[in-house]
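A short worksheet on the structure shown next.
The values are calculated or read from the model by the stated rules, or taken from the named source; none is laboratory data. If you're wondering where the values come from, they're calculated on a predicted model, not measured in any experiment. With ideal geometry, Cβ positions are generated from the backbone for all residues, glycine too; neighbour counts draw on all protein chains shown. Side chains included, ligands, DNA and RNA excluded: accessible areas come from the protein's heavy atoms. Shrake-Rupley method; radii C 1.70, N 1.55, O 1.52, S 1.80 Å.
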Amino acid sequence: MAAKPTVAHRGIPQADFIDNPNAFIAQHKNAEEALTSLNEQYSKYKFMDAQLIRQKTSIAGRIPDLEASLKTIQFYQQKREETTVNHEIADGVYAKATVPAVENVSIWLGCSTMVEYPIDDAEALLKRNLAGARAQVAGLDSDLDYLKEQITTLEVSLARVYNADVLRRRQTRA
Amino acid sequence: MNSSVLTREDESNAEVTRADQEKINLFSRLNTRLSGLKERSERLEADIDSIEQSEMVVEEMMVMDQDHVLLNVGTALVMADEDVASTYVSTEKDSLKAKHAEVVAEINKAEGEMSALKQELYGKFGSSINLDP
């Protein structure tokens, strides 16, 4: 895991580190405004975070099915001979079927489309789809990591600006 | 964000530098990563339990003179003789155990890094920072 912050990610702005909280407050009308501005940034980041997590959950959800299908195909690829299978025809109800050596499999592509492939091509296709889904999840993970970093920076900035203001008020009162 | 009010004595006047921010961010990332790893580890442990039970079932085949078991492959149950079944189960078990070992190694690594960061950050900021939710 990299110790250095990653470069800006697609669409995710960097939360700048505040070197001097008092100087930062001076750039705004007052401390309250400075904090409001930071809070606005914070809300946007949190929103993005929720969005990315939704996307990731959706894509990651497809992965177990892809893995199960791939396993099934690989099993039949090895067993190039007749097999007796108990196939699920309804919830919890199975029927025996004799499956000849598997040459072709049909793959559900979505949108009411099913396509027949020779078993080796089918295996290659599923492998590609699985790799694709995993790559997308990895990309989203990377985005989420970067986002988390910006959020943490912002949380620390909010605390520091608030504290700087508390200290300043204490000093003016003293 | 949780906020707890500190007494004046406990307040830290240590300034937060960019380097500190990077350490805090790194800790946060490692923490999130650790949760994910721990979940994966639990799931793998449950899977390993199941597969070990399956192993016992296949072994009993020899004793009970059964000539086949039903393997759950995808959504179908395939009849498999002892050889096929025991190969399938033991391959699966080895694969799961290897994955589990990897995850445990990563957990230990992350925990080690987090421990070092905690020392540094608590050292500088004392009770002004909370790294143990």
Residue list for the range B:89-110, filter: within 16 Å of A:Lys71 (Cβ to Cβ), within 12 Å of chain A (Cβ to nearest Cβ) and either open to solvent by less than 60 Å² (accessible area, probe 1.4 Å) or not in a helix (DSSP H, G or I) (or both): B:Glu92, B:Ser95
Residue, surrounded by the fewest Cβ atoms within 10 Å (Cβ to Cβ), within the range A:11-46, restricted to residues that are in a loop (DSSP other than H, G, I, E, B) and of a type in the set (A, V, I, L, M): A:Ala15
The range A:68-82, subset at pLDDT 80 or above, crowded, with 16+ Cβ neighbours inside 10 Å and under 15 Å from B:Ala80 (Cα atoms), residue nearest to the other protein chains (Cβ to nearest Cβ): A:Thr72
Among the residues listed as B:Ser28, B:Ser86, B:Ser54, the single one being open to solvent by less than 40 Å² (accessible area, probe 1.4 Å) and touching a helix residue (DSSP H, G or I) at 6+ places or on another chain (Cβ under 7 Å): B:Ser28
Pair list, Cβ < 7 Å and 6+ apart or interchain, from the range B:22-47 residues that are within 9 Å of chain A (Cβ to nearest Cβ) to residues that are polar (S, T, N, Q): B:Ile24/A:Thr152; B:Asn25/A:Thr152; B:Asn25/A:Thr153; B:Ser28/A:Thr152
Selection within the range A:83-104 - within 36 Å of the chain's Cα centre (by Cα), within 11 Å of chain B (Cβ to nearest Cβ) and open to solvent by less than 70 Å² (accessible area, probe 1.4 Å): A:Glu88
